[in-house]
Amino acid sequence: MRFTRWSTISVHQRQQPLNAAPTHRHLGRFGLETNNQQNHRGKKNSSVFPTGSTHLGISPANNIGTMAEHLSQSELDYPFKLLEYFNGFRVSKVIFSACELGVFDLLLRSQEPLSAQHVARELSTSVDGMERLLAALVGIEILEVETTDGTALYSSTDVANLYLAKGSGKSLHDMIIYQSQTIYPLWNNMVDAVREGKNQNEKTFGLPPEDIFQAIYRSEEERLKFMGLMNSSWVLDGHDIVTAFNLSCFQEIVDLGGCTGALAREMAKAYPSSSVTVLDLPQIVETAQKHFSQENDTVLFQSGDFFSGEIPPADLYVLARILHDWPEEKGLTLLRKIYDTCKPGGGVLLVEAMLFENRRGPVMAQIFSLNMLVQTSGRERPPSEYIRILNQTGFHNVQVCRTGKSYDAILAIR
């Protein structure tokens, strides 16, 4: 733990290995390299940008500056990296399409590699189209291919089995479906979002831009997709969030807007002596209990609206990906309400993707902030802004932890 120029904040960086995955087969390049490993690969690949690697984003500035200078010189001859960025949406759609078609589920179930003809027949697609899709998945190192008697046979990497097939405990399938069917259409209107400075729910879905959750929950099917997205996020990142600080001193914990209860379950596992409650809208609680319940679940669910209704007394309130949805004034109103209800010595845990103070990243948080523009009324923020609004609403002793993953944690005490 180290101290920065803010006297009320301590900042520390989580130093731990990434979650281990099976290594007996080729794992591909997705999500299994540390930032340092990425930065020290050969010069041809040295343009991978480091994200979330140090406190407050101050240290990477020189590294990124040097990298940008290297890029500007080497890419003048041929813009490899620019072309890779240009085609990024195509790569995304390759993965999205394979998930929607069920490619990864079929390959996971299979006991042996399959031909494109076999996959096409099982999934009711054209052989030609499937051959091209499988070839692209091999190219981006998500699938493997071997040739036997002149026939290409395809099989999954461990990364695909672990994260892309529905059956895995760490499956991101629901996240991918939401990205493909909801986020992707919204981003098609990014130019208008930037010009107008407002979300594009009306243009994309024909729904009023003011009520963002009317758009997000516009049907039972869409509500279930969104909840699947949130569930995937916390199955992946939840443990790092709830262990960013030692929260064992908080006996009663309420996760406001806790959706499926995935993050709350991670909290309950890490702190079994604490009671953990999810407060969310009635239709969300009903859907969570119907579709996302687990055996021997110790997490409690309570229906309510934390903006317009009462919130139960607790020692710790969790706001995970809540403040980034809204304009600052609405966030301040909610934090004041929490402060007034919170028990003395209690606190609030914010979970957000934090920007660096020097505006140089992390790239993922910057992209998330653009998504807040196109879909909601909010934005991502650097630590200093969270500290300011927390102090403004009465909270103090602010601590910030960058986990090195997608989301970071901020703990403040009443």
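Can you find, among Tyr178, Ser219, Asn199, the residue sitting farthest towards the positive end of the charge dipole of the stretch 129-255, where Lys and Arg contribute +1 and Asp and Glu -1 at Cβ? Positive-most Cα among the choices belongs to Asn199.
Solvent-accessible area of Thr147, all protein chains in place: 100 Å² (probe radius 1.4 Å, heavy atoms, ligands and nucleic acids excluded). With R₀ fixed at 51 Å, the C-beta to C-beta distance from Tyr78 to Glu329 puts the FRET efficiency at about 0.55. The value given for the stretch 121-234 is a Kirkwood hydrodynamic radius of 16.8 Å, derived from the mean inverse Cα-Cα separation. Each of Asp297 and Glu221 was given a label point 7 Å from its Cα along the Cα-to-Cβ line. The distance between the two points is 2.5 nm. The alpha-carbon of Lys93 sits under 29 angstrom from the alpha-carbons of these lysines, leaving out residues fewer than 8 places away in its chain: Lys43, Lys44, Lys81, Lys166, Lys170, Lys198, Lys203, Lys225, Lys405. Taking amide H atoms as placed 1.01 Å from N in the peptide plane, the amide H of Phe301 lies under 5 Å from those of Val278, each 5 or more residues away in sequence or on another chain. Residues whose amide H lies under 5 Å from that of Gly347, counting only those 5 or more places away or on a different chain, are Leu316, Tyr317, Arg414; hydrogens are built 1.01 Å from N in the peptide plane. Near Arg381, the amide H atoms lying under 5 Å from its own belong to Leu355; only residues 5 or more places off or on other chains count, and H is placed 1.01 Å from N. Using the alpha carbons alone, the radius of gyration of the stretch 316-414 stands to its Kirkwood radius in an Rg to Rh ratio of 0.96. Taking label positions 7 Å along the Cα-Cβ direction at both Asn391 and Leu207, the computed distance is 3.8 nm, reported to one decimal. Set the Förster distance to 41 Å, then compute FRET efficiency between Gln181 and Asn246 from the Cβ-Cβ distance, nearest 0.05. For R0 = 41 Å, the calculated efficiency reads 0.55. For Glu100 and Gln366, the difference between the fully extended length at 0.36 nm per residue and the C-alpha to C-alpha distance is 93.1 nm.
The values are calculated or read from the model by the stated rules, or taken from the named source; none is laboratory data. Keep in mind that this is a model prediction, so the values were computed, not measured. FYI the Cβ positions are ideal-geometry reconstructions off the backbone, even for glycines, and counts take in every protein chain you see. Quick note on the areas: whole protein, heavy atoms, side chains included, nothing else; ligands and nucleic acids left out. Shrake-Rupley method; radii C 1.70, N 1.55, O 1.52, S 1.80 Å.
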